[in-house]
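Asks: I have a structure here, written as structure tokens, and I will follow up with some questions on it.
The values are calculated or read from the model by the stated rules, or taken from the named source; none is laboratory data. Keep in mind that this is a model prediction, so the values were computed, not measured. Heads up, the Cβs are rebuilt from the backbone with ideal geometry, glycines too, and the neighbour counts pull from every protein chain shown. Surface accessibility is based on the protein's heavy atoms, side chains included, excluding ligands, DNA and RNA. Shrake-Rupley method; radii C 1.70, N 1.55, O 1.52, S 1.80 Å.
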Amino acid sequence: MEHRSAHPRADAAGTWTLGDLTVNRMGLGAMRLTGSGAFHDGTPSDRDRAVAVLRRAVHEFGVNHIDTAAFYFSSLRSANELINRALAPYPDDLVITTKVWPGRDPSGQWWWARPEQLRGQVEENIRQLGLDHLDVVNLRVPPSRRDGSIAEHFGALARLREAGLVRHLGISNATAAQLAEARAVAPVVCVQNAYGLGAADTKDRELLRVCGESGIAFVPFFAIAGKRREAGAGGSGTEDGTEDEAVRAVARAHGATPAQVRLAWTLRQGPHVLAIPGTGDPDHLAENVAAGSLRLTDDETARLDPPVARD
């Protein structure tokens, strides 16, 4: 049984670079800071608790990569404003990544920006975070555009990069073809897609490989929740609320939780893979960061890797 430190460090899993920005591979997702459910679902979070989670992540555990978005808000909480409240003035090494294209109006209704509206979304993130520019902005591709062109929208972001509002660009919920299209317009430092143990197909794994060969960070979201996505892990990563026995067995062998095993498996997919598990719970935060020091063996990884789904 492994004995991980009571004070885990986000650099235990190593580092990667987003352009010229070095980040620890274990980061933090901000979506679950705003309430008990994603976006407007559930009850709003306790403000002081959310602020404490952010401060503990950065100042105690060394997290220096936070993923957020202006559309991460509940009825009373905004992830960006919580980050601002908790961490400004920001540490020099803190990298905040956000995303645009989707938006939500004050009532919580979703809308999708036209290319000329992306500047307003970028400026909204800058204003809420209290910054002069954004470190990394991901273009979040709508489900309806997974097979379509993103050149017009990505070109609009590239112009904002040239204007100094954005330092680096990435894409999210994208395909390999869209990555190639974006790279023909401007440099891409990261791809942020849904990816996790039991929730990856051949196209997902091919895109992960292409990113690694190109020096591009691959940043999975829902790495713990898997197919449950916004619903969260619920104590497991499977849709019916039960955890896979192979995951439980590996967790027992390491004295770890199934969620930690899922994060360790994610990080083992390549040195360019970053983790951004989201939580508003201080204990879960510590567990997530500690997963960066969990080392799976080749045999354990083989047991965990299921046959990939084919299209």
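Asks: Quick check on region 136-169: of everything there that is of a type in the set (S, T, N, Q) and over 28 Å from Asp93 (Cα atoms), which residue is least open to solvent (accessible area, probe 1.4 Å)?
Replies: Ser149
Asks: Conditions: (1) modelled with pLDDT of 95 or more; (2) in a helix (DSSP H, G or I). Glu230 meets all but one. Number of the miss?
Replies: Answer for Glu230: the failing condition is (1).
Asks: Residue by residue through region 77-114, note down the ones that are among the polar types (S, T, N, Q) and closer than 20 Å to Gly27 by Cα.
Replies: Listed by number, the residues that qualify are Ser78, Asn80, Asn84, Thr97, Thr98.
Asks: What's the number of the only condition in (1) under 20 Å from the mean Cα position of the chain (by Cα); (2) of a type in the set (D, E, K, R); (3) open to solvent by 50 Å² or more (accessible area, probe 1.4 Å); (4) under 28 Å from Ala256 (Cβ atoms) that Asp46 fails to meet?
Replies: (1)
Asks: Here's another thing I want to ask about it. Identify, from the list Gly215, Gly198, Gly164, the residue that is on the phi > 0 side of the Ramachandran plot and either in contact with a helix residue (DSSP H, G or I) (Cβ under 6 Å, 6 or more places away or on another chain) or among the hydroxyl-bearing types (Ser, Thr, Tyr) (or both).
Replies: The match here is Gly198.
Asks: Moving on. Using the structure shown, decide if Arg262 is under 24 Å from Gln192 (Cβ atoms), assigned to a helix (DSSP H, G or I) and modelled with pLDDT under 95.
Replies: So Arg262 fails the test.
Asks: OK, next. I'd like the full set of residues that are under 20 Å from the mean Cα position of the chain (by Cα), modelled with pLDDT of 95 or more and charged (D, E, K, R), limited to region 143-183.
Replies: Within region 143-183, just Arg167 meets the criteria.
Asks: So which residues in region 184-197 are part of a loop (DSSP other than H, G, I, E, B), in contact (Cβ under 8 Å) with a residue 40 or more places away in the chain and under 18 Å from the mean Cα position of the chain (by Cα)?
Replies: Listed by number, the residues that qualify are Val189, Tyr195, Gly196, Leu197.
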